[in-house]
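The values are calculated or read from the model by the stated rules, or taken from the named source; none is laboratory data. Note that the structure is a prediction, hence the values are computed from the model and not measured. Note: ideal-geometry Cβ built from the backbone for every residue, glycine included; neighbour counts use all protein chains shown.
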Protein chains: 2
Amino acid sequence: MIIDCHGHYTTEPRPHHAFREAQIAFAGGGGARPSYPEISDDEIRETIGANQLRLLRERGADMTIFSPRASGMGHHIGDESISRTWSRHANDLIARIVAMFPDNFVGVCQLPQSQGVPISGSIEELRRCVGELGMVGCNLNPDPSGGYWTAPPLTDRSWYPFYEAMVELDVPAMIHVSGSCNACFHTTGAHYLNADTTAFMQLLQGDLFKDFPDLRFIIPHGGGAVPYHWGRFAGWR
Amino acid sequence: MIIDCHGHYTTEPRPHHAFREAQIAFAGGGGARPSYPEISDDEIRETIGANQLRLLRERGADMTIFSPRASGMGHHIGDESISRTWSRHANDLIARIVAMFPDNFVGVCQLPQSQGVPISGSIEELRRCVGELGMVGCNLNPDPSGGYWTAPPLTDRSWYPFYEAMVELDVPAMIHVSGSCNACFHTTGAHYLNADTTAFMQLLQGDLFKDFPDLRFIIPHGGGAVPYHWGRFAGWR
């Protein structure tokens, strides 16, 4: 069985986007708090069938581990309650896809991270997604600031409560930033790759797996610059 | 002739370091403004002969384009006058090496960049290094904040006065960050590589070479993650 370990729902139905746009406006003080719209099974079937499922079949793979669009997580937007609401809807949408195509998709959740708040606020949504929605992992954002890198490294003890929950639930995290709001970093052309390299080096500098021998991370996008510069890391003392 | 286009003086004589340490203390409000110490030709000959020159010969190359240690530039430390003094001493030291080993080293300068000040403050030192010290280029830091990326992208018009001077003097710049003061980024294991990837993508997003057809940049460290992710960039619209 061939499993694509890293797919995002980048073809979300239009009402899902409209909700987020209204929510961002609300977070910025414009307009009312929006309600999440009705999205039909047909809309989901259509966007998946014409895109991710078609490509999966054309490429001869069997299954995709599937999560919400990473650049859409937007942990730098609004406060923690905005992130919580948005994450629940984004994850529920993934759960619907998995329920409709159980042979082809397995779910991974986005977390309600937010700038400057403890990661423990994301534990409840992880538990809900794994326990109630049957998801098998999460995307963990090492930079909720969206390109200013104001959170401590992943080896910092402030992340530990979340790692404890991951180990208890026996699920891995993919290290994945969201969109960049720093004009220096193009989201997919720089920020994603930089984050992969950065996370790898943070793990090399720290001793995290001594404290959490069962903790599992996936670093995506081929590891950013890491494999290409292996000698640089191999020589690191 | 085999030319190594990117070497740094990472074995500076001890008095050079001692000066910088005293200068950093002074910039932080501790102690008096230090004077630059005497450094003998023997100290320079020794540190170069046992290291860069030895390695150049062992590896069968002929010449190194040589500049001050990149991580030592420290543009986030102190103000512009601190950077100016430090850059002059660091560049003068490179010029002495080139004068002592003219067959093996050609000089490239560090710039007196500083957080939040116009890049035009670096033009004078570029002119001095090219015009008086015979240097053939400079190291341009796209992130004088040392890991917080608060300066605008390299395609921003605020950088243009410096590019005009580069074109006038007909010298290239190597895009090279300095040390990271952001705990997320290890200097050589993440920040350097991220900066290479970041700068490449900034240039791809902009249209800088339309405004400066004769401008020349070198992106070091094999381009960071870029060659390894060529499809990502090739597919960029």
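Being surrounded by fewer than 18 Cβ atoms within 10 Å (Cβ to Cβ) and either in contact with a helix residue (DSSP H, G or I) (Cβ under 7 Å, 6 or more places away or on another chain) or facing chain A (nearest Cβ under 8 Å) (or both) is true for just one of B:170, B:143, B:207, B:214. Which residue is that?
Numbers: B:170 fails: either in contact with a helix residue (DSSP H, G or I) (Cβ under 7 Å, 6 or more places away or on another chain) or facing chain A (nearest Cβ under 8 Å) (or both); B:143 fails: surrounded by fewer than 18 Cβ atoms within 10 Å (Cβ to Cβ); B:207 fails: either in contact with a helix residue (DSSP H, G or I) (Cβ under 7 Å, 6 or more places away or on another chain) or facing chain A (nearest Cβ under 8 Å) (or both).
Unique residue meeting the criteria: B:214.
Quick one: in the stretch A:146-163, of everything that is part of a helix (DSSP H, G or I) and in contact (Cβ under 8 Å) with a residue 24 or more places away in the chain, which residue is farthest from the other protein chains (Cβ to nearest Cβ)? Let's see the steps before the verdict.
Residues of the stretch A:146-163 that are part of a helix (DSSP H, G or I), as a first pass: A:157-163.
Of the ones still in play, those that are also in contact (Cβ under 8 Å) with a residue 24 or more places away in the chain are A:158-163.
Working: A:158: 12, A:159: 12, A:160: 16, A:161: 19, A:162: 17, A:163: 17 Å.
Per the criteria, the residue is A:161.
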Quick count over the stretch B:173-190, residues being crowded, with 16+ Cβ neighbours inside 10 Å and without any contact (Cβ under 8 Å) to a residue 12 or more places away in the chain, is 3
Can we say residue B:121 is more than 14 Å from every other protein chain (Cβ to nearest Cβ), in contact with an Asp or Glu (Cβ under 7 Å, 6 or more places away or on another chain) and of a type outside the set (A, V, I, L, M, F, W, C)? yes
Scanning the stretch B:173-198 for residues that are part of a helix (DSSP H, G or I), of a type in the set (A, V, I, L, M) and touching a His at 6+ places or on another chain (Cβ under 9 Å), the one farthest from the other protein chains (Cβ to nearest Cβ) turns out to be B:195
Checking B:25, B:32 in turn, the sole residue that is part of a helix (DSSP H, G or I) and either among the small types (Gly, Ala, Ser) or touching a Cys at 6+ places or on another chain (Cβ under 9 Å) (or both) turns out to be B:25
Per the filter on the stretch B:217-237, residues at the interface with chain A (Cβ under 7 Å from one of its Cβ atoms) and in a loop (DSSP other than H, G, I, E, B) are B:224, B:225, B:236
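Looking only at the stretch A:174-218, filter to residues that are aromatic (Phe, Trp, Tyr) and out of contact with any strand residue (DSSP E or B) (no Cβ under 7 Å at 6 or more places or on another chain); which one of those is farthest from residue B:190 (Cα to Cα)?
Applying the filter and picking the extreme gives A:212.
Give the stretch A:25-52 a look and list any residue that's touching a Gly at 6+ places or on another chain (Cβ under 7 Å) and either touching a residue at least 40 places away in the same chain (Cβ under 8 Å) or surrounded by 15 or more Cβ atoms within 10 Å (Cβ to Cβ) (or both), or say none. Talk me through it step by step, then tell me what you get.
To start, the set of residues in the stretch A:25-52 that are touching a Gly at 6+ places or on another chain (Cβ under 7 Å) comprises A:25, A:27, A:52.
Matches in the stretch A:25-52: A:27, A:52.
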### Query
Would a scan of the stretch B:5-12 turn up a residue that is in contact with a Cys (Cβ under 8 Å, 6 or more places away or on another chain), at pLDDT 95 or above and closer than 22 Å to residue B:143 by Cβ?
no
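Do you know which residues across the stretch B:103-131 are assigned to a loop (DSSP other than H, G, I, E, B) and free of Cβ contacts under 8 Å to residues at least 40 places away in the same chain? Even if it seems obvious, please write down each step before you answer.
Start the filter on the stretch B:103-131 by keeping residues that are assigned to a loop (DSSP other than H, G, I, E, B), which leaves B:103-104, B:108, B:111-118.
Passing the criteria: B:111, B:112, B:114, B:116, B:117.
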(1) at positive phi; (2) in contact (Cβ under 8 Å) with a residue 60 or more places away in the chain all hold for residue A:134 apart from (2)
Checked pairs for the stretch A:212-237, first more than 14 Å from residue A:200 (Cβ to Cβ), second part of a loop (DSSP other than H, G, I, E, B), C-beta under 7 Å and 6 or more apart or across chains, list as A:216/A:172
